[in-house]
Amino acid sequence: MANLSLMKTFMPLITLLGLIAVGAVLVFIGIVLSQYFELSTTANTALAAVSLSVVWLCWWCLENRATQKNESTIKRMPLKVLAWRIVGASIIVFGVFLYFGNRVGTFQTFPFAGTVVMAGGVFVLVFLGRSEA
């Protein structure tokens, strides 16, 4: 019984990590396409933000589908959960801008600033943006 409870606790994190891996592949494809078509740095950043937004939207849909599948009645998402999810997603998008700004040189900060900020956003999204049953 403890293993099932542990699996329920870490399943959103495992799902999100899988989707982040897919997002990394999408960002890599975007980088290759931007180099092929010689896009500007602003277009590169926008392309990466759009691809990661698609991944975040997929996670959102998977989370809601799993919640609806497990419950007999569909409950409204609490405002606190929605607010934490929006904050977490905003932090991740800001981290993407930091990451690409650091790589391209338009907005240089300390090394790995974007990665650290994105990791913080993932933490907020997964652990604070989780609806408790």
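The values are calculated or read from the model by the stated rules, or taken from the named source; none is laboratory data. Quick caveat, the model's predicted, so the values are computed rather than measured. A quick note on method: Cβ atoms are made from the backbone with ideal geometry, for glycine too, and the neighbour counts reach across all protein chains shown.
Looking only at residues in region 40-53 that are touching a helix residue (DSSP H, G or I) at 6+ places or on another chain (Cβ under 7 Å) and of a type in the set (A, V, I, L, M, F, W, C), the one that is nearest to Leu82 (Cα to Cα) is Leu52. In this structure, Leu62 does not qualify as surrounded by 13 or more Cβ atoms within 10 Å (Cβ to Cβ) and at pLDDT 85 or above.
Checked against (1) modelled with pLDDT of 80 or more; (2) farther than 20 Å from Gly129 by Cβ, Ala24 meets all criteria but (1). Residues in region 84-125 that are on the phi > 0 side of the Ramachandran plot and touching a Phe, Trp or Tyr at 6+ places or on another chain (Cβ under 9 Å): Phe112 alone.
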